């Protein structure tokens, strides 16, 4: 059983054929060539595969590929605006909020979902937003600080 | 962060232009844009997927393996067995002529821990491979298993690893454990005001890297194999893969360096040899990646360590004797535990000057998951025990724990139990700064103390040392610790003559990726009793370029200047 899936990936229309039961993570990584979402557990516990589906964070490893048909998918590769990095990316770079980098794409997507919803989050809201994203090297403190820093940078951009 | 440059200011010749400054990682832009390439991010067409059938038993003989249903599963291309292995057993340190080849890449007719790979299935899809794995039937004859280091050393305990031939690793040809002898511990314990004993137990700890262990192998037209891998020691794993497959290392091209979390859990080279063998036998690209469940169950964790400490203590706080028995649970195979055990012995008795020291550090085999490198393995467990015990000693004599540490801290010029003179000690200053930052009151004497005073002199001597070698109870058959008569050679039993640099387990230490252990002293070579230097050097030494030993070794080898 295969199914053609058409979706908008980071602003561009794309299409691929998914096997029955195939998850969105495999569709993105193996058929559409976007390897930025990572496979850390394939059981919905680590958050490394987090992507935005119509703006909402979802775990790509637990999302059927065909559910993305006709919808918008955003991965970390869609965060930047041309050569200009997103304030979240800049804040992560400046604040040493990534070490091995494996959790970073999912972490950034979870943070993006938060800032889209709540541009001026409290520390507690930041912690809540990344509660489903596991990091084993960096430690959560610089990540939380970087997300708060990014919120300030975004506010600065808005003037 | 504040750097206390006022400490040892006269010894500094650096301006510390980078320490304390924010510096961007060179790879961080790739990380935040999702363009860093991990091993599994390389697009490879036509992959075969490798999955292992794993033991459900802790210890068992294999009567039969029935793969017929698995072979009939659509998509299955081949099943790898023990008979396919070019080299029947291997250990990753034997490429340095250390240790014993003691582990088959696929079960050799016996399984020694739960989760041990028995056969490997190669299929066109991960799903087909998983389905075939589930159809393999293994007929086990269960054997008694042993899960405790002290149980494993008892006479009559089940023999875990026949390649080793006993449940402990024998060092330097003839030593049942790593042994440090310095002074007369028995006499000092007898004359001490009180003896404080402690038992400390570490749990195994899984690294749980977010990226699981894995690799992708692609055969090239020229007979070589490109291996995309997450190993922490790229050339270490290349050499070990070549050795295990009995091929020239120039047939392997390892590509890696971007590691999704390691912490020591990606040096054992467990995935690459099977995957390259599979690619050799099928001519197809092969992907072998641990599931999360495999990563948690069978990737080698930090070993369980059990540490006994017996201190002879005087009422004024001086520790006059320290006796340590340190057991490392290697699990069923050596991996790097033989080396971790050496590290623990090199670290004891901690950063303290104690005139009588006796250490026995054992590498013990049990039917648990093989343990291996993890962030200061051997040392971290030792420090947990040592510093917990320092607090216990402080409580026992009613002394402030910070003051106790300052009182017993090693100082410049002190002779260590390893026959090295202390240089660049800085424990006292560290305790002083820690107390200050914590608002912990120290006495005037403790606040004014310094690592530069009070050491040397009598404390630089190597005391008369009765040599009593420890033998395994099982080796003697008495069930008790047997001691040989004084040997007359007068050397410190088990003392490694040269400091070993760590193997390339990149766990955040200071070594360079090409750092390798030096070869062990050959059996029969005389072991010197003299210290490296009798006198402290007149000038502070320059920081060594490579350094010997990771930063966790600083209490033995290191200096306060880097």
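The residues of region A:60-72 that are out of contact with any helix residue (DSSP H, G or I) (no Cβ under 7 Å at 6 or more places or on another chain) and either buried (at least 24 other Cβ atoms within 10 Å of the Cβ) or part of a loop (DSSP other than H, G, I, E, B) (or both), listed by number, are A:69, A:70, A:71. Just checking: which of the strands (runs of 3 or more DSSP E) contained wholly in region B:1-92 hold 2 or more residues that are more than 33 Å from the chain's Cα centre (by Cα)? Output list reads B:60-66, B:76-80.
Of all residues assigned to region B:351-359, none qualifies as being closer than 30 Å to residue B:59 by Cβ and touching a helix residue (DSSP H, G or I) at 6+ places or on another chain (Cβ under 9 Å). Looking at region B:317-334, can you tell me whether even one residue there is away from chain A (no Cβ under 14 Å), over 27 Å from residue B:58 (Cα atoms) and part of a loop (DSSP other than H, G, I, E, B)? Taking every residue of region B:317-334 in turn, at least one turns out to be away from chain A (no Cβ under 14 Å), over 27 Å from residue B:58 (Cα atoms) and part of a loop (DSSP other than H, G, I, E, B). Condition first: in contact (Cβ under 8 Å) with a residue 40 or more places away in the chain and within 13 Å of chain B (Cβ to nearest Cβ). Can you find one or more residues in region A:62-70 that meet it? Among the residues of region A:62-70, not one is in contact (Cβ under 8 Å) with a residue 40 or more places away in the chain and within 13 Å of chain B (Cβ to nearest Cβ), which makes the answer no.
Select from region B:275-307 the residues that are under 19 Å from residue B:203 (Cβ atoms) and either in contact with a helix residue (DSSP H, G or I) (Cβ under 9 Å, 6 or more places away or on another chain) or crowded, with 20+ Cβ neighbours inside 10 Å (or both) and list them in ascending order.
Residues satisfying the conditions are B:295, B:298, B:299, B:300, B:301, B:302, B:303, B:304, B:305, B:306, B:307.
When region A:104-141 is filtered for residues that are surrounded by fewer than 19 Cβ atoms within 10 Å (Cβ to Cβ) and within 14 Å of another protein chain (Cβ to nearest Cβ), the ones remaining, listed by number, are A:132, A:137, A:139, A:140, A:141.
One line per residue, one yes/no per condition, for (1) under 26 Å from residue B:383 (Cβ atoms); (2) more than 14 Å from chain A (Cβ to nearest Cβ):
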position	(1), (2)
B:205	yes, no
B:215	no, yes
B:222	no, yes
B:226	no, yes
B:229	no, yes
B:243	no, yes
B:247	no, yes
B:258	no, no
B:265	yes, no
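Out of all the residues in region A:78-103, which are touching a residue at least 40 places away in the same chain (Cβ under 8 Å), farther than 20 Å from residue A:55 by Cα and either in contact with a helix residue (DSSP H, G or I) (Cβ under 8 Å, 6 or more places away or on another chain) or more than 8 Å from chain B (Cβ to nearest Cβ) (or both)? A:90, A:91, A:92, A:94, A:95, A:96, A:97, A:98 - these are the residues of region A:78-103 that are touching a residue at least 40 places away in the same chain (Cβ under 8 Å), farther than 20 Å from residue A:55 by Cα and either in contact with a helix residue (DSSP H, G or I) (Cβ under 8 Å, 6 or more places away or on another chain) or more than 8 Å from chain B (Cβ to nearest Cβ) (or both).
Applying the condition of being in contact with a strand residue (DSSP E or B) (Cβ under 7 Å, 6 or more places away or on another chain), outside any loop (DSSP other than H, G, I, E, B) and surrounded by fewer than 20 Cβ atoms within 10 Å (Cβ to Cβ) to region A:17-54 and asking which residue is farthest from the other protein chains (Cβ to nearest Cβ) yields A:53.
Residue under question is residue B:239, and the condition is that it be away from chain A (no Cβ under 14 Å), surrounded by fewer than 23 Cβ atoms within 10 Å (Cβ to Cβ) and part of a loop (DSSP other than H, G, I, E, B); does it hold? Taking the combined requirement at face value, the residue does not satisfy it.
With the structure loaded, tell me whether residue B:42 is touching a strand residue (DSSP E or B) at 6+ places or on another chain (Cβ under 8 Å), at negative phi and within 14 Å of chain A (Cβ to nearest Cβ) or whether it fails that test. So residue B:42 passes the test.
Examine region B:13-31 for a residue that is in contact with a strand residue (DSSP E or B) (Cβ under 9 Å, 6 or more places away or on another chain), within 20 Å of residue A:76 (Cα to Cα) and at the interface with chain A (Cβ under 10 Å from one of its Cβ atoms), and state whether such a residue exists.
No, region B:13-31 contains no residue that is in contact with a strand residue (DSSP E or B) (Cβ under 9 Å, 6 or more places away or on another chain), within 20 Å of residue A:76 (Cα to Cα) and at the interface with chain A (Cβ under 10 Å from one of its Cβ atoms).
Of B:292, B:287, all but one fail to be out of contact with any strand residue (DSSP E or B) (no Cβ under 9 Å at 6 or more places or on another chain), within 12 Å of chain A (Cβ to nearest Cβ) and at negative phi; the exception is B:292. Within region B:438-477, being at pLDDT below 95 and either in a helix (DSSP H, G or I) or under 26 Å from residue B:399 (Cβ atoms) (or both) holds for B:473, B:474, B:475, B:476.
The values are calculated or read from the model by the stated rules, or taken from the named source; none is laboratory data. No experiment lies behind these values; they were computed from the predicted model shown. Glycine gets a Cβ as well: all are built from the backbone with ideal geometry, and neighbour counts include every protein chain shown.
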